[in-house]
Amino acid sequence: MSPRLWGWVGLLTVAVAYEVWGILDPHSGDTLSELTADMFKTNTRAGAVAFALAWVLFSAWFLAHISINQGHWRRPPAVSSPKEH
């Protein structure tokens, strides 16, 4: 595995561990879903609409970023011709 992949695995492992800790903790407001609901104030109509719009926009961007766009990281490197001396 590449160092970058190890970095992402490590980051996601820490994020999952932090979320599990929040789930097991009896206090409220420490999981990602609770913090997101609080940040967007999803108990209000405006907050729920703002969250839904943000989620749809993020999903559209992510789909284009990963699947459709094919991004620069998937293009084969340009082949350069040998320099003439």
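Observations on the structure shown:
- Three-way shape call for the range 3-70 based on the alpha-carbon gyration tensor, with the a/c threshold at 1.5: oblate
- Residues in the range 49-54 carry Karplus couplings, in order, of 5, 4, 5, 4, 5, 4 Hz; the curve used is 6.51 cos²θ - 1.76 cosθ + 1.60 with θ = phi - 60°, and Gly or Pro positions show x.
- Likely footprinting exposure, PHE62, PHE40, fewest C-beta neighbours within 10 Å first: PHE62, PHE40
- Across the range 14-26, coupling constants 3J(HN,Hα) worked out from phi with the 6.51/-1.76/1.60 Karplus curve, θ = phi - 60°, read 5, 4, 5, 4, 5, 5, 4, 4, x, 5, 6, 6, x Hz, and Gly and Pro carry x.
- Fully extending the segment from THR13 to SER67, taken as 0.36 nm per residue of separation minus the present Cα-Cα distance, adds 17.0 nm.
- Selection among GLY10, GLY47, HIS27 by position relative to the dipole of the range 3-70 gives GLY47 as farthest towards the positive end (Cβ unit charges, Cα centre).
Every number here is computed from the coordinates shown, using simple stated rules; none is lab data. Since the model is a prediction, treat every value here as computed from it, not as a measurement. Note: ideal-geometry Cβ built from the backbone for every residue, glycine included; neighbour counts use all protein chains shown.
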